[in-house]
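None of the figures in this text is laboratory data; all of them are computed from the coordinates on show. In this text the structure is predicted, and so the values were computed from the model without any measurement. Every residue, glycine as well, gets a Cβ built from its backbone with ideal geometry; the counts of neighbours run over all protein chains shown.
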Amino acid sequence: MAQREAKKRRDRHPLPDPLTEEQWATVREAFSFPPRQLQVVRYLCRACTDREIAEQIGIDFDTVRMHVRAALARLNVRNRVGVLTKVARVVCNDGNADAQTYSNECAEDGGTDKLD
């Protein structure tokens, strides 16, 4: 049984990139992502695990984990769902990364963003 699950994970392909290059440029500008961190965020938005990201971009697993933690902190979210939510909001708001806008939206929808 465990071997079958491991094979499924190995055969899994990441989802297609959900955004265009122009939209990713908007995200990069809104949050001032360094290039590698943005690359990791792109794979997070494609539902990749840390190991899959490490394999895809050819860096160490621990380095990926460091980039994931840094991206979560930069976006002020707690988890991967928060990353996707924040990225989608910036794209939908034409690059507006205003914290107050997110605070109001999260209060209304019970989102996963950390609010101080």
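Annotation: for a label point projected 7 angstrom from Cα along Cα→Cβ of Thr63, residues of region 33-51 with backbone N closer than 20 Å are 33-45, 48-51. Applying the Karplus relation 6.51 cos²θ - 1.76 cosθ + 1.60 with θ = phi - 60° to region 78-88 yields 3J(HN,Hα) values of 9, 8, 5, 5, x, 4, 4, 4, 5, 4, 5 Hz, where x marks Gly and Pro.
Taking amide hydrogens as placed 1.01 Å from N in the peptide plane, the amide H of Val77 sits under 5 Å from those of Lys114, each at least 5 positions away in sequence or on another chain.
Packing-based ranking of 53-61, 79-87, 41-49 yields 41-49, 79-87, 53-61, ordered from highest to lowest mean Cβ neighbour count within 10 Å.
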